[in-house]
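Structure below; questions to follow.
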Amino acid sequence: MKTRKWVNYLWIAELSYLFLGLFNILFAWLGMVFFSIPLLVAIFGGSKAYCNRYCGRGQLLRLLGEKLKLSRNVPPPKFLRSTWFRYGFLTFFMAMFGLMLFSTYQVFTGAPLSQTVTLLWVFKLPWQWADISFVAPWVGQFAFGFFSVMLTSTVLGIVTMGLFRPQSWCVYCPMGTMTQGVCKLKNGKKARIHGRESQADCKLAEDTGQ
């Protein structure tokens, strides 16, 4: 039996990140790795290799949807794949990210720390058990905010996985949309997606929504 490549197990990193965040919110800072690597690959490599091969969340959604049969496995609605929705959602997502950074700045300048994780930008989950007394308050505030972003996007991915195809989240993932835009600017043409996603759900380079 042929041994599978290590890249097929990157979904473990995604799960580990979520569990570590539950254990101690400061582990949320590790999410900056997931945030920066796709952009660096797109900027310096001019490709969407991270989305196509190395995205642990995409692998996790595929595992839940295909292997565990938790997906209805029907095509997502066309509006999810439309340019206006993808870039509109990216704009909204980045606005929420900006508010998170502003909250971190406020704590840095003396505002009280808010030990809550906000799910879906609405529901505030108390996280008082997290021991962050040994770091600056703004460090903890960033961790709470960033984990809120990562948890919210994971929940959205799982919901769309259940309702539609396993990797329907990839269709409108803000990071995928952002790296696609970077690839377009770098290559001077539409970024072409290769790999398994191009034949399934992650048609991020296709503006036609077909």
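With charges only on Cβ, +1 for K and R and -1 for D and E, what is the dipole size of segment 1-104 about its Cα centre, in debye, rounded to 20?
In debye, rounded to 20, segment 1-104 gives about 580.
Go ahead and run the numbers for FRET between residue 39 and residue 123, Cβ-Cβ distance against an R0 of 30 Å, rounding to 0.05.
0.55
Picking from 187, 96, 149, whose Cα lies most toward the positive end of the charge dipole for the chain (charges on Cβ: Lys, Arg +1; Asp, Glu -1)?
187
Something else about it: Across segment 175-188, in residue order, what do the Karplus-derived ³J(HN,Hα) couplings come to in whole Hz, using 6.51 cos²θ - 1.76 cosθ + 1.60 with θ = phi - 60° and x for Gly and Pro?
Karplus values, whole Hz, x for Gly and Pro: 5, x, 5, 5, 5, 5, x, 4, 5, 4, 5, 6, 8, x.
Under the Karplus relation 6.51 cos²θ - 1.76 cosθ + 1.60, θ = phi - 60°, what is the ordered set of whole-Hz ³J(HN,Hα) values for segment 20-25, x standing for Gly and Pro?
Using θ = phi - 60°, the values come out as 5, x, 6, 6, 8, 4 Hz.
Same structure again: Given H placed on each backbone N at 1.01 Å, which residues far from residue 117 in sequence or on other chains put an amide H within less than 5 Å of it?
125, 127
Let me ask something else about it. Taking the Cα centre as origin and putting +1 on Lys and Arg beta-carbons and -1 on Asp and Glu beta-carbons, what dipole magnitude results for segment 6-199, to the nearest 20 debye?
So the magnitude is around 1060 debye.
Now, a different point. What distance in nm separates the two pseudo spin-label positions at residue 84 and residue 159, each 7 Å out from Cα along the beta-carbon direction?
2.2 nm
Treating only the Cβ atoms of Lys and Arg (+1) and Asp and Glu (-1) as charged, compute the dipole magnitude of segment 50-125 about its Cα centre; round to the nearest 20 debye.
So the magnitude is around 460 debye.
So if R0 is 45 Å, what FRET efficiency would residue 108 and residue 5 give, r being the distance between their Cβ atoms, rounded to the nearest 0.05?
After rounding, the FRET efficiency stands at 0.60.
Values in this text are rule-based calculations from the coordinates and carry no lab data. Owing to the predicted nature of the structure, the values given are computational and were not obtained by experimental measurement. Positions of Cβ are backbone-derived with ideal geometry, glycine not excepted, and every protein chain shown enters the neighbour counts.
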